[in-house]
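In what follows, a structure is listed as structure tokens, so that the remarks can point back to it.
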Amino acid sequence: MTLPRNFFKPLAIGAPEPFRELPVRLERMIHFIPAHNEKLRSRVPELVRKVDVLLGNLEDGVPVESKAAAREGFIEMGRSVDFGSTELWVRINALSTPWALDEITEIVAEVGEQLDVIMLPKVDGPWDIHYLDRLLAQLEAKHALTHPILIHCILETAEGVTNVEAIAASSPRLHGMSLGPADLAASRAMKTTRVGGGHPDYKVMADPGPGNRASYQQDLWHYSLGRMVDACVANGIKPFWGPFGDFNDPDGCEAQFRSAFVQGCVGAWSLYPEQIEIAKRVFSPDPAEVAFAKRILESMPDGSGAVMIDGKMQDDATWRQAKVMVDRARIVAAKDPERAKLYGF
Ligand code: GLV
Ligand code: MG
């Protein structure tokens with residue numbers, strides 16, 4: 001175990017200092033682009049104005065014979081597109097694959113300065129993070145990068161879920177985690193072929209009695225997502241829902257995103273343009289709440305004391321809640337002119 005005194009020291013001489021607190025950023029959706037696909041890459045300059053995070057995918061979904069093209073396509077995209085305030089992420093292949101090492105070394109060498117986050121799939125334990133953490137520090141030093149590249153884990157193996165607390169506490173380079181329901185289902189031999197969402201066989205039945213017995217579908221992911229949210233929040237990193245695979249079911253997608261949001265997640269993946277709008281709806285603050293929060297801030301200009309608004313008591317603590325809400329709405333408004341109008345900014 002690293003000594004507390006050393007936890008925040010760079011892991012290579014000349015590497016940038018790790019963040020003590022994560023930078024405040026808007027990450028309602030992580031939008032996936034298959035990085036080997038030239039046609040989809042050509043739409044990126046227009047897409048960056050609509051999304052909070054644009055991710056080049058090199059892992060699952062990219063055929064084996066296109067892995068090198070995906071790596072090169074991502075580098076070309078990182079070099080040629082102006083991302084402005086939109087974050088640039090990459091999902092590399094798992095550390096156990098023959099592609100991961102070249103992806104990490106070449107991408108950091110070529111577009112390290114533009115890259116915000118590496119998404120690391122199939123993280124089983126803190127050892128995976130320690131490996132990538134040290135390697136990134138060496139590469140950052142070698143290429144004289146000015147900011148640390150963060151790591152976002154996908155929680156998608158039974159071993160990873162078992163070790164989730166240790167993973168979340170393993171490095172100041174961690175950005176957060178996403179729950180990956182497809183690989184997690186495979187890893188655990190769950191009896192579902194869906195990517196997220198419920199399953200009709202995972203249900204409870206009402207007691208026997210007169211008439212039809214009602215049955216209720218349950219949330220297959222509640223246990224793992226709850227553990228992940230606690231592990232992330234306890235360590236100051238961010239929890240996300242991963243993919244929702246049924247593109248013909250926008251209501252199912254919205255319900256999945258919303259229940260993750262209610263449970264503490266701050267964003268989700270979008271794999272398809274319609275899911276961008278769903279994520280914006282779900283993960284942006286509610287305009288009515290923002291309007292109320294603005295009234296609290298206006299009625300307590302120095303943030304202390306107590307006032308009544310619409311019969312509800314407000315004090316220093318609700319002022320702080322209101323400030324979180326209005327600050328977040330301002331971040332959203334800076335990126336999203338439609339919501340800026342709804343919030344009255
Ligand atoms: C995502 O990578 C998943 O496996 O669900
Ligand atoms: Mg996966």
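Rank by packing, highest mean first: peptides 320-331, 4-15, 163-174, with packing defined as the count of other Cβ atoms within 10 Å averaged across residues.
The most tightly packed comes first, giving 163-174, 320-331, 4-15.
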Charges on Cβ only, +1 for Lys and Arg, -1 for Asp and Glu, centred on the Cα centroid of the chain; of Val332, Gly252, Phe19, which one is farthest towards the dipole's positive end?
Val332
Between the range 96-167 and the range 286-345, how far is it from one alpha carbon centroid to the other, in angstrom?
37
Computed over the range 96-217, protein heavy atoms only, probe 1.4 angstrom, the accessible area per residue in square angstrom equals 44
Cross-link partners of Lys341 among lysines (Cα-Cα below 26 Å; sequence separation of 8 or more within a chain)
Lys50, Lys280, Lys294, Lys323
Highest mean first, what order results for 126-134, 265-273, 201-209 on Cβ atoms within 10 Å?
265-273, 126-134, 201-209
Compute the relative contact order of the chain as a whole-number percentage, counting only Cα pairs closer than 8 Å that sit 6 or more residues apart in sequence.
14
Checked the range 61-152 against the a/c 1.5 cut and the a/b vs b/c comparison, axes a ≥ b ≥ c from its Cα gyration tensor; verdict oblate
Where both partners of a DSSP beta bridge lie in the chain, what percent of those bridges are antiparallel, to the nearest 5?
15
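Mind putting a number on the dipole of the chain about its Cα centre? Charges go on the C-beta only, +1 for Lys and Arg and -1 for Asp and Glu, and I need it in Debye to the nearest 20.
Roughly 460 debye for the chain.
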Accessible carbon and sulfur surface of the range 115-205 relative to its total accessible area, %, 1.4 Å
55
Taking the chain as a Gaussian network, where each spring joins two C-alpha atoms under 10 Å apart, which residue of Arg281, Arg20, Arg213 fluctuates the most?
Arg213
Given the options Pro98, Val266, His130, identify the residue whose Cα lies farthest towards the positive end of the charge dipole of the chain (+1 on Cβ of Lys, Arg; -1 on Cβ of Asp, Glu).
Val266
For the chain, set up a GNM with springs between Cα atoms under 10 Å and report which of Ala288, Ala306, Ala214 has the largest fluctuation.
Ala214
Peptides ranked, highest mean first, by Cβ atoms within 10 Å: ranges 51-57, 106-112:
51-57, 106-112
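Considering only protein heavy atoms and a 1.4 Å probe, what is the carbon-and-sulfur percentage of the accessible area of the range 289-343?
58
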Counting helices only, and only those DSSP H runs with n ≥ 4, report the 222 nm mean residue ellipticity of the chain as the sum of -39,500 (n - 2.57) divided by its residues, in deg cm²/dmol to the nearest 500.
-12500 deg cm²/dmol
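The values are calculated or read from the model by the stated rules, or taken from the named source; none is laboratory data. What you see is a predicted model; the values in this text were computed from it and never measured. Every residue, glycine among them, receives a Cβ derived from its backbone with ideal geometry; neighbour counts consider all protein chains shown. Remember, those area values only see protein heavy atoms, side chains included, never the ligands or the DNA or RNA. Shrake-Rupley method; radii C 1.70, N 1.55, O 1.52, S 1.80 Å.
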